Amino acid sequence: MQKLSLNQSLQQRLSPQQIQFIKLLQIPTAELEQRIEEELEVNPALEEGMDMDDRVKDEYEEDDYSNDDYDEYGEYERYEGLDVKQYLDQDDYAGYKMYGDGWGDDDRDVMPVIATSTLAESLVQQLGYLRLDARQESIGLQLIGSIEEDGYIRRPLRSICNDLAFTQNIYTTEEELSVILKKVQTFEPAGIGARDLRECLLLQLERKDFEDIEVEIAIKIITDFFDEFTKKHYEKIQRRLDVDDSIMKEAIRVITRLNPKPGNTGSGDSTAAYLMADFIVTNNNGKLDVILNSKNAPELRVSRSFAEMLDTYDKTDKNGSAQHKSIKETVTFVKQKLDAAKWFIDAIKQRQQTLLKTMKAIVEYQRDFFLDGDESKLRPMILKDIANRIEMDISTVSRVANSKAVQTDFGIYPLKYFFSEGIATDSGEDASSREVKNILKELIENEPKNSPLSDDKLEKMLNKRGYNIARRTVAKYREQLNIPVARLRKQL
């Protein structure tokens with residue numbers, strides 16, 4: 001006898017609005033502008049500009065429209081200045097359908113890569129913000145083109161002057177070139193366009209808080225004692241500056257945290273990717289302000305002419321059955337486009353709110369890091385920590401963290417940089433894996449050169465400091481730091 005069974009399953013289907021939001025949330029700033037342009041092209045009811053007035057906006061606040069409502073509209077009239085037919089031929093107007101929406105099997109579990117541009121493109125974009133005249137802009141572009149993959153300009157300014165004269169018929173002087181170069185050196189990343197390491201470090205130090213004594217001492221070290229610093233004659237520098245051990249140690253720490261290669265490609269590929277920041281975090285006297293990149297806040301509105309179109313149809317003669325079908329199709333089209341425009345604007349606004357809410361929670365959680373950029377102060381943080389704080393799903397936080405970057409006073413970081421595993425300590429608290437790596441690196445740097453520390457010894461030293469870490473984890477972190485095994489580090 002065949003056994004029959006009845007299984008009941010509950011499936012959740014995403015609404016078009018939810019799909020819209022998910023798609024928009026996971027794309028980074030660099031792609032948002034293109035996505036908006038696509039929507040403006042396919043939806044004539046969506047326009048750029050400030051929101052329409054409340055009267056017109058509120059008239060179309062309803063979430064759902066039924067096709068049954070269309071029967072009340074009368075005879076078709078062609079709206080002045082709009083060829084509705086060309087859109088009717090291209091769109092599926094039976095329901096809301098937008099290009100690029102919907103979950104396919106191929107992208108259900110795929111997260112986007114952080115959107116980037118090349119370093120050169122980023123610098124050219126920043127050059128555009130200076131509002132230079134044509135001559136100055138040409139000089140700026142020549143300087144940017146002279147920046148090597150690690151971020152330095154090693155070509156003599158005199159040679160760049162010659163290049164401008166021969167290739168662009170622009171005759172300039174080294175003095176004029178230096179003025180434009182100083183402007184380029186204010187761009188992100190900090191240190192870009194330096195002629196040598198000393199200038200690169202100074203450019204980065206000059207962006208820090210001069211009121212901090214360690215920053216002041218660090219600038220003096222690089223300015224007056226650079227050769228001694230490169231040879232690690234720290235005691236000699238300390239005596240000359242007449243500062244105590246703690247200040248000297250902090251000043252050295254400030255310098256060693258700077259980026260000696262601001263181009264940071266390291267691959268020999270001139271098209272290597274460069275992060276575009278979605279957020280900007282600034283420290284205003286201890287108050288951390290979080291703002292969105294301006295490209296994340298476009299001004300969009302529902303077209304007033306489309307909103308008024310329905311009134312026009314409502315006032316037409318409802319007699320005349322021969323044209324009834326044409327009227328219904330046109331009104332359906334108008335309604336669908338108005339819905340799509342409103343949903344798109346709402347999804348953009350919801351994206352902005354979710355991004356800010358998530359970033360503010362991350363900044364609050366990692367406040368100590370964002371105050372001074374000290375990596376050792378990064379706390380262990382997982383997606384769930386932020387999801388709980390903002391009372392949203394982990395998948396939402398994941399979409400933000402996997403495809404966004406933040407600009408800080410210390411450089412640009414992908415958000416996933418702030419998420420790390422935790423390591424238990426003797427006190428029962430968690431320590432960031434980065435914190436342990438920093439200590440591990442410090443131990444190896446200070447080890448006897450003729451008798452390097454083995455992974456076993458490093459494990460015991462970390463355990464004595466209260467970090468419950470196994471030898472295999474020590475080996476993994478050492479490899480991630482690109483540090484060879486003890487026998488290969490031995491020096492005679």
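Reported to the nearest whole Å, the Cα centre-to-centre distance from segment 229-266 to segment 156-187 is 32.
Return the FRET efficiency for the residue pair Q491, V42: r is the Cβ-Cβ distance, R0 is 56 Å, and the value is rounded to the nearest 0.05. Walk me through the intermediate numbers first.
On the way: r = 66 Å, r/R0 = 1.17.
According to the calculation, E is roughly 0.30.
The mean sequence separation of alpha-carbon pairs under 8 Å and at least six residues apart, normalised by the residue count of segment 152-213, gives a relative contact order of 29 percent. Loop-located trypsin sites (Lys or Arg not before Pro) across segment 119-176 with a Cβ neighbour count of 10 or fewer within 10 Å are R131, with loop assigned by DSSP. Close amide H pairs (under 5 Å, H built 1.01 Å from N) link A194 with I153, residues at least 5 positions away or on another chain.
If you take all other residues with their beta carbon under 13 Å from the beta carbon of I386, and give Lys and Arg +1 and Asp and Glu -1, the sum is +4. Around A277, under 9 Å between beta carbons, what's the net of Lys plus Arg minus Asp minus Glu among the other residues? Summing Lys/Arg as +1 and Asp/Glu as -1 gives -1.
Couplings for segment 338-343, taken from phi via the Karplus curve 6.51 cos²θ - 1.76 cosθ + 1.60 with θ = phi - 60°, read 5, 4, 4, 5, 5, 4 Hz in order; Gly and Pro are left as x. Summing charges over neighbours of A405, with a neighbour being any other residue whose Cβ is under 10 Å away from its Cβ, gives +1 when K and R count +1 and D and E count -1. Under the criterion of Cα pairs below 8 Å and six or more residues apart, the relative contact order for segment 184-228 equals 27 percent.
Modelled this way, with points 7 Å down the Cα-to-C-beta line, the labels at S178 and D212 are 3.0 nm from one another.
Using a 1.4 Å probe on the protein chains only, how many percent of the accessible area of segment 343-414 belongs to carbon and sulfur?
Details: 1270 of 2910 Å².
Answer for segment 343-414: carbon and sulfur cover 44 percent of the accessible area.
The label-point distance for N285 and K261, in a model that sets each label 7 Å from Cα toward Cβ, rounds to 4.1 nm. Once the Cβ-Cβ distance of T186 and D368 is raised to the sixth power relative to R0 = 45 Å, the FRET efficiency obtained is 0.95.
The values are calculated or read from the model by the stated rules, or taken from the named source; none is laboratory data. Every value quoted in this text rests on a predicted model; they were computed, and no experiment measured them. Quick reminder, even Gly has a Cβ in these numbers, built from the backbone with ideal geometry, and neighbours come from all protein chains shown. Side chains included, ligands, DNA and RNA excluded: accessible areas come from the protein's heavy atoms. Shrake-Rupley method; radii C 1.70, N 1.55, O 1.52, S 1.80 Å.
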